[in-house]
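Report on one structure; see the data block that follows.
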Amino acid sequence: SRPTLAAIKCPTLVLTCDTDNMIPPEASVEIANGVAGAKLVTVSDCGHLPQLEKPQAMTEALLDWLEM
């Protein structure tokens, strides 16, 4: 789907985790760079499931983004 990233015109949050071994953070950076105006947030000390591993950090990232 990389070629279609530039076609995304809606506000976009790309949330990644620094120790995710299923979707490497580098892939999330590539996605965020491909979508104009996307915001990239990296949750520290977290693997693939921030909603379980770091729910407060994930909630804060979502709320900050929604308040923009």
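Any read-out appearing in this document is the output of simple, stated calculations on the displayed coordinates, not a laboratory observation. This structure is a prediction, so every number in the text was calculated from the model and none was measured. Cβ sites come from the backbone with ideal geometry, for glycine too, and all protein chains shown count toward neighbours.
Quick check: pseudo-label points 7 Å beyond the Cα along Cα→Cβ at Glu67 and Ile23, how many nm apart are they?
2.5
In square nanometres, what is the average projected area of the Cα convex hull of the chain? Write down the numbers at each step before the final one.
Working: hull surface 18.0 nm².
Taking a quarter of the hull surface, the average projection is 4.5 nm².
Sorted by mean Cβ packing within 10 Å, highest first, what order do the peptides 15-23, 58-66 take? Please report the intermediate quantities before stating the final value.
Details: 15-23: 15.3, 58-66: 13.6.
Taking the mean over residues of other Cβ atoms within 10 Å, the ranking is 15-23, 58-66.
Take Ala36 and Leu49, extend 7 Å from each Cα along the Cα→Cβ direction, and tell me the distance between the two endpoints in nm.
3.8
To the nearest 10 degrees, how steeply does helix 55-66 sit against the main Cα axis of the chain, on a 0 to 90 scale?
Between the helix axis and the principal axis of the chain, the angle is about 30 degrees.
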